[in-house]
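The values are calculated or read from the model by the stated rules, or taken from the named source; none is laboratory data. What you see is a predicted model; the values in this text were computed from it and never measured. Every residue, glycine as well, gets a Cβ built from its backbone with ideal geometry; the counts of neighbours run over all protein chains shown.
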Amino acid sequence: MNFDLTEEQDQLRDAVRALGRRYGHDYFVRKAKAGEHTTELWHEAGRLGYLGVNIPTEYGGGGGGITELALVCEELAAAGCPLLLLVVSPAIAATVITKHGTEEQRKRHLPGLADGSQKIVFAITEPDAGSNFHRLGTVARRDGDDWLLSGRKVYISGVDEADHVLVVARTEDSSTGKLKPALFIVPTDAPGLEKSKLDMEILSPENQFLLYLDDVRLPADALVGESLDAGLPALFAGLNPERITVAAMGAGTGRYAIEKASDYTATRKVWGGRSIGSHQGVAHPLAHAAVQVELARLMIQKAAALYDAGRDLEAGVSGNMAKYAAGEAAALAVDTAVQALGGAGMTTEYGVATLLGAVRAGRIAPVSREMILNFVAQHVLGQDKSY
Ligand SMILES: Cc1cc2nc3c(=O)[nH]c(=O)nc-3n(C[C@H](O)[C@H](O)[C@H](O)COP(=O)(O)OP(=O)(O)OC[C@H]3O[C@@H](n4cnc5c(N)ncnc54)[C@H](O)[C@@H]3O)c2cc1C
């Protein structure tokens with residue numbers, strides 16, 4: 001058993017940390033409040049090769065795995081820049097296209113995803129299906145060689161800054177009634193695709209959208225893969241990387257909050273010469289949160305290692321557990337940090353309460369804590385399904 005990073009991974013971690021700290025949480029908040037995107041950081045990360053660490057070298061990437069991408073997500077978040085689009089564009093879209101796209105799709109999209117000049121976001125959630133993707137109502141119909149897509153998607157992140165959206169639809173002729181999903185790479189400016197920005201209580205430079213697809217006409221090669229049979233494996237290919245990288249983002253956010261709070265409580269004195277951190281009522285909750293974050297990091301490391309070793313089923317269990325643990329740890333860490341900072345915790349200046357909405361959402365998306373507990377109850381504990 002080895003918990004050490006390789007030399008290259010260590011260098012990557014240090015370099016991403018340095019980049020993240022150069023931008024910092026003030027930059028992230030400033031962009032969010034101005035209604036702008038973190039374009040400079042995204043492009044610089046792309047130029048330095050950090051967005052493509054998991055993309056094969058022949059398509060301009062770094063040739064690494066989800067372990068490397070998780071490091072990127074964690075370190076940027078630990079610097080106060082939790083970029084949600086890392087989870088959709090390099091983690092989901094690049095993995096799906098690498099593993100299940102056609103050669104033409106790989107050549108068309110992967111180099112741009114690797115250098116950050118292209119973003120592909122991901123649309124599965126629907127207003128009437130929610131956690132139950134078996135109920136997806138977005139339908140793909142054949143029209144000659146073309147496809148026509150109709151339906152609605154909700155909470156889709158980053159549509160305003162992406163070139164394409166990877167849409168999960170069901171094919172109309174599934175006579176069994178079972179989900180036969182198909183994935184389509186849809187240009188965000190395709191006629192018939194309308195987006196409407198949702199007002200979310202999350203301070204973030206990345207936005208969520210309601211998407212309306214009204215007979216969006218797509219050429220045959222918009223379908224991911226060579227045939228409809230690629231749909232289900234392609235959909236599942238994106239899930240483990242999504243869970244592992246979003247967990248890494250949560251762990252990084254937790255580290256950021258605990259570091260901020262510890263720096264403050266070690267020097268803040270309101271009772272004579274002692275720091276408030278010397279009071280166990282202040283220090284223990286922070287120490288407890290630090291333990292939870294570190295436990296989550298271990299599970300992330302395990303899940304990423306299993307995934308990169310091609311052990312998908314085990315990675316599915318560990319990835320779900322990592323996502324659950326990191327989601328809870330991040331929410332605990334940020335809340336505890338706010339409390340430890342007192343009034344300062346609620347100011348914009350100290351940069352902790354600014355993350356409350358994001359970490360709360362991390363317990364809901366991309367898969368809720370309840371759905372993970374359902375998964376663990378069924379697949380690990382052997383319990384019957386209630387739904
Ligand atoms: C900030 C943010 C960004 C997002 N980005 C994207 C994106 O880019 N692309 C995308 O496709 N989606 C995105 N989502 C959607 C997200 O994945 C969904 O919100 C999530 O999967 C839950 O679905 P829902 O909101 O419809 O909740 P529902 O399915 O309506 O569930 C509501 C509540 O009931 C619980 N529940 C439901 N069924 C069960 C059950 N069987 N057992 C126990 N509890 C249950 C859920 O856990 C939840 O707490 C995003 C959401 C947010 C908040």
Item to complete: Scan the range 299-328 for residues that are without any contact (Cβ under 8 Å) to a residue 24 or more places away in the chain and either in a helix (DSSP H, G or I) or not assigned by TED's automatic domain parsing to the domain that holds Gly250 (or both) and report the count.
Response: 5
Worksheet entry | Single condition Gly49 does not satisfy, out of (1) in a helix (DSSP H, G or I); (2) within 19 Å of the chain's Cα centre (by Cα); (3) small (Gly, Ala, Ser) | (1)
Fill in: Condition met for Gly357 (assigned by TED's automatic domain parsing to the domain that holds Ala257 and more than 9 Å from the ligand (Cβ to nearest atom))
no
Item to complete: Please go through the range 330-387 and pick out each residue that is in a loop (DSSP other than H, G, I, E, B), under 24 Å from the mean Cα position of the chain (by Cα) and among the hydroxyl-bearing types (Ser, Thr, Tyr).
Response: Ser368
Worksheet, complete the sentence: Checking Leu306, Leu298, Leu239 in turn, the sole residue that is touching an Asp or Glu at 6+ places or on another chain (Cβ under 8 Å), within 27 Å of Val367 (Cα to Cα), surrounded by fewer than 23 Cβ atoms within 10 Å (Cβ to Cβ) and not hydroxyl-bearing (Ser, Thr, Tyr) turns out to be Leu306
Worksheet entry | Failed criterion for Glu58 (all others in (1) farther than 21 Å from Leu356 by Cα; (2) touching a Pro at 6+ places or on another chain (Cβ under 9 Å) hold) | (2)
Worksheet, complete the sentence: Gln118 fails exactly one of (1) of a type outside the set (Phe, Trp, Tyr); (2) more than 15 Å from the ligand (Cβ to nearest atom); (3) under 17 Å from Val216 (Cα atoms), namely (3)
Discussion item. Anything in the range 212-230 that is at negative phi and either within 15 Å of the ligand (Cβ to nearest atom) or in a strand (DSSP E or B) (or both)? List them, or say none.
Written reply: Tyr212, Leu213, Asp214, Val216, Arg217, Leu218, Leu223
Item to complete: Please enumerate the residues belonging to the range 196-211 that are within 12 Å of the ligand (Cβ to nearest atom) and not in a loop (DSSP other than H, G, I, E, B).
Response: Gln208, Phe209, Leu210, Leu211
Worksheet, complete the sentence: Exception for Gln105 within (1) within 17 Å of the chain's Cα centre (by Cα); (2) in contact (Cβ under 8 Å) with a residue 60 or more places away in the chain falls at (1)
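One line per residue, one yes/no per condition, for (1) within 7 Å of the ligand (Cβ to nearest atom); (2) touching a helix residue (DSSP H, G or I) at 6+ places or on another chain (Cβ under 6 Å); (3) in a loop (DSSP other than H, G, I, E, B); (4) assigned by TED's automatic domain parsing to the domain that holds Arg369:
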position: Gly130; (1), (2), (3), (4): yes, no, yes, no
position: Ala140; (1), (2), (3), (4): no, no, no, no
position: Leu149; (1), (2), (3), (4): no, no, no, no
position: Ile156; (1), (2), (3), (4): yes, no, no, no
Response to the item:
Of the residues in the range 354-387, those that are β-branched (Val, Ile, Thr) and without any contact (Cβ under 8 Å) to a residue 40 or more places away in the chain come to Ile364
Worksheet entry | Residue that is surrounded by the fewest Cβ atoms within 10 Å (Cβ to Cβ) [pool: residues in the range 318-354 that are farther than 30 Å from Gln378 by Cα and either within 16 Å of the ligand (Cβ to nearest atom) or among the aromatic types (Phe, Trp, Tyr) (or both)] | Tyr350
Worksheet item: Does Ala315 satisfy the criteria of being within 26 Å of Leu5 (Cβ to Cβ) and more than 15 Å from the ligand (Cβ to nearest atom)?
Response: yes
Response to the item:
Over the range 1-28, the set of residues of a type in the set (A, V, I, L, M, F, W, C) and over 14 Å from Gln301 (Cα atoms) is Leu12, Ala15, Val16, Ala18, Leu19, Phe28
